[in-house]
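S.K.: Let me give you the structure first, and then I'll get to my questions.
Every number here is computed from the coordinates shown, using simple stated rules; none is lab data. Everything numeric here is computed off the predicted structure, so don't read it as measured data. Neighbour counts run over all protein chains shown; Cβ positions are idealised from the backbone, glycine included.
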Amino acid sequence: MPRLIRRVIAAPGVHMHQRDDGRIVIGEQAGAPANDAHAARLDDRPMRFPSADLANAHAARMLDIAKRFVPDIDTAEVEHVYIGWRPLPVDGHPVLGASPARRDVYLAIMHSGVTLAPIAGELAAEELTTGTSLARLSRYRPDRRFENFRRY
């Protein structure tokens, strides 16, 4: 598609960005409904919907939501529909720093990876290139005590 989106959009019900090749990536903000049917269907973390009809219905719903924020997206054609599993640390906060299991592996795990990528990348790069640990990231280390998720 021609350039419609110049930044990441995180809006009620949807997040989206446009790649340099013109394709638009749309994701759902809320996630699957919390009911037994969805829990059973998602238990083994599938990457595909159980049928093309369900996948197409989901894509149509996502496009309808996206149109509220980017009206010209109504000419978009759906290329692929996946179930994506986004990382979400149990306390809801990012994980940044050397892995306790392998100190040569630097972890940058967060639910808001797209929106936090610029600052997370800058801070991680500073730690990796200088060999120092930034004090302001101490609350987000992989070896911290993780507590149950709570809203801010």
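S.K.: Mean 1/r over all different Cα pairs, inverted: what Kirkwood radius does the range 1-138 give, in Å?
M.R.: Evaluated on the range 1-138, it is 17.5 Å.
S.K.: How far apart, in nm, are two points set 7 Å out from the Cα along the Cα-to-Cβ line at Arg6 and at Leu42?
M.R.: Between Arg6 and Leu42, the label points sit 3.5 nm apart.
S.K.: Cα axis of helix 52-67 to longest principal axis of the chain: angle in degrees, 0 to 90, nearest 10?
M.R.: Rounded to the nearest ten degrees, it is 80.
S.K.: Filter the GluC sites (Glu not before Pro) in the range 12-98 to those in DSSP coil with at most 13 other Cβ atoms within 10 Å of their Cβ, and list the result.
M.R.: On the way: sites: Glu28, Glu77, Glu79; in loops: Glu77, Glu79.
When the GluC sites (Glu not before Pro) of the range 12-98 are filtered for loop state and at most 13 Cβ neighbours within 10 Å, Glu77, Glu79 remain.
S.K.: Which angle between 0 and 90 degrees, to the nearest 10, do you get for helix 113-130 versus the longest principal axis of the chain when only C-alpha atoms count?
M.R.: Result, in degrees: 30.
S.K.: Quick check: residue separation of Thr130 and Asp20 times 0.36 nm, minus the Cα distance between them. What number comes out in nm?
M.R.: Details: separation 110, 0.36 × 110 = 39.60 nm, distance 3.18 nm.
Full extension of this stretch gives 36.4 nm more.
S.K.: Moving to a separate point now. Subtract the Cα-Cα distance of Asp91 and Arg61 from 0.36 nm times their separation in residues, and report this length gain in nm to one decimal. Please list the in-between numbers first.
M.R.: Details: separation 30, 0.36 × 30 = 10.80 nm, distance 2.99 nm.
Additional length available on full extension: 7.8 nm.
S.K.: Shifting gears a bit: Report, please, the projected area of the range 60-145 averaged over directions, based on the convex hull of its C-alpha atoms, in nm².
M.R.: For the Cα atoms of the range 60-145, the hull's average projected area reads 8.2 nm².
S.K.: Ok, one more. Restricting to Cα atoms and excluding each atom paired with itself, what does the Kirkwood estimate give for the range 9-75 in Å?
M.R.: Numbers: mean 1/r = 0.0750 Å⁻¹.
Taking every pair of different Cα atoms in the range 9-75, averaging 1/r and inverting gives 13.3 Å.
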